[in-house]
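Beneath this line is the structure, given in structure tokens, with notes to follow.
No lab work stands behind these numbers, since they all come straight from the coordinates. Fair warning: this is a prediction, and the values are worked out from it, not measured in the lab. Glycine gets a Cβ as well: all are built from the backbone with ideal geometry, and neighbour counts include every protein chain shown.
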Amino acid sequence: MHILVVDDSDFARNRISSRLRAAGHTVVEADSGAAALEWIQTVSFQAATVDLLMPDIDGLQVIQKMRALYPKVYIIALSADVQQATQNAALEAGADRFIPKTRIDDVLLYLDRLFDRERLLAALSESDKNAFAELVNQAMHHAANALESLMETPVRLHVPEIELMSDEGLTRFFIESLDEVGVIVRQRFSGALNGMSAIVLSTGDAVYLVRALAGMQHELGRLSSADQSILTEMGNVLLNAAISVLADLCESRIRVSLPDLTMNMSGEQAVRYLLTGISDAETAFVLVSKLTIAQTELVSYLIVLLSKSDAHMLIERIRRKNRAPGA
């Protein structure tokens, strides 16, 4: 990986840089916040370590500017100040991880994990993604028919976009795309693949959907148990349609749990809720779906969380399917 190391202390900067170079990474050093800002104007980095306490421009400002310029760069905040408030400030500025300066080995472990995952995320070509999207869309057509019966109104479903991202990437995606989450319906699954699937709606789209389902002017915080049951069943239909595609790719039955529903969360709370629901989830398939109900288009997010090993297996299945004769 191409990594920028920012620290005004020669000792600390050399200590980190030498360890990273020994691990096979390409390292550029910046001895001040100003120098770091000059580097990021001209060179793209995959990752950066940033000391928070520097005399000219502090690390929080560097992190903010770096995040604005490069939304996808992985940023590790380093500091001897391990107060919880300091850690929170670093994450709010845009850092992906806070690591105490005394734990350099944790930096190496974190970057090695990212490097391995970057190779995984690059494994699917656009052709593979399109083939997977077509399979999902076939399943969603059947799900739309089921929803039409449930809602007694015309329903159309289409999945035009599929992204594969790490858990850190999913966190950034939620924070940037969904400030407020109205509804999450999630289901765990196990068998040939083990993980979790979820349907996520923004607050605005969730409010419209509730009104379309319930036929009255409801607020999310005042849904009856019957209304929540309808939302849960809608999520259940969509999630089972997606899981059926995964099962067919794996040529094996996948068991699913009962769905559960949660409402009214911030984007950051929502992704934390999803990631803590399955401990070894490192890779997320994010399918941005268009849900049209009674001629009104809503945007929903279908998310499939998998461990690294299961993601590798699913990617291989998708590629094999895409390259099969007649595919």
Next item on the list: Would you kindly state how much longer the chain becomes between SER224 and GLN83 on full extension, computed as 0.36 nm times their sequence separation minus their alpha carbon distance, in nm to one decimal?
Entry: 46.5 nm
Next item on the list: Name the lysines eligible as straight-distance cross-link partners of LYS321: C-alpha to C-alpha under 19 Å, and not fewer than 8 places from it in the same chain.
Entry: LYS129
Item checked: Tail weight of P(r) past 37 Å, computed on alpha-carbon pairs of the chain, percent -> 27
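Find how much the distance from LEU69 to PHE11 grows on full extension, using 0.36 nm per residue of separation minus their present alpha carbon separation; answer in nm with one decimal. Intermediate results must be reported in sequence, preceding the final value.
On the way: separation 58, 0.36 × 58 = 20.88 nm, distance 2.84 nm.
Here the answer is 18.0 nm.
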Next item on the list: Take every DSSP beta bridge with both residues inside the chain and express the antiparallel ones as a percent of the total, to the nearest 5.
Entry: 70
Next item on the list: Evaluate E = 1/(1 + (r/R0)^6) for GLU163 and ASP58, where r is the Cβ-Cβ distance and R0 equals 45 Å; express this FRET efficiency to the nearest 0.05.
Entry: 0.85
Margin query: Nothing charged except the Cβ atoms of Lys and Arg (+1) and of Asp and Glu (-1): what's the magnitude of the dipole of region 1-158 about its Cα centre? Round to the nearest 20 debye.
Written below: 260
Check: How large is the helix-only mean residue ellipticity at 222 nm for the chain, computed as the sum of -39500 (n - 2.57) over DSSP H runs with n ≥ 4, divided by its residue count, in deg cm²/dmol to the nearest 500?
Finding: -16500 deg cm²/dmol
Next item on the list: Please give the contour-minus-distance gain from ARG323 to SER257: 0.36 nm per residue of separation, less the Cα-Cα distance, rounded to one decimal in nm.
Entry: 20.5 nm
Note to self: Please give the charge dipole size of region 126-323, origin at the Cα centre, charges +1 on K and R Cβ atoms and -1 on D and E Cβ atoms. Round to the nearest 20 debye.
What the structure shows: 500
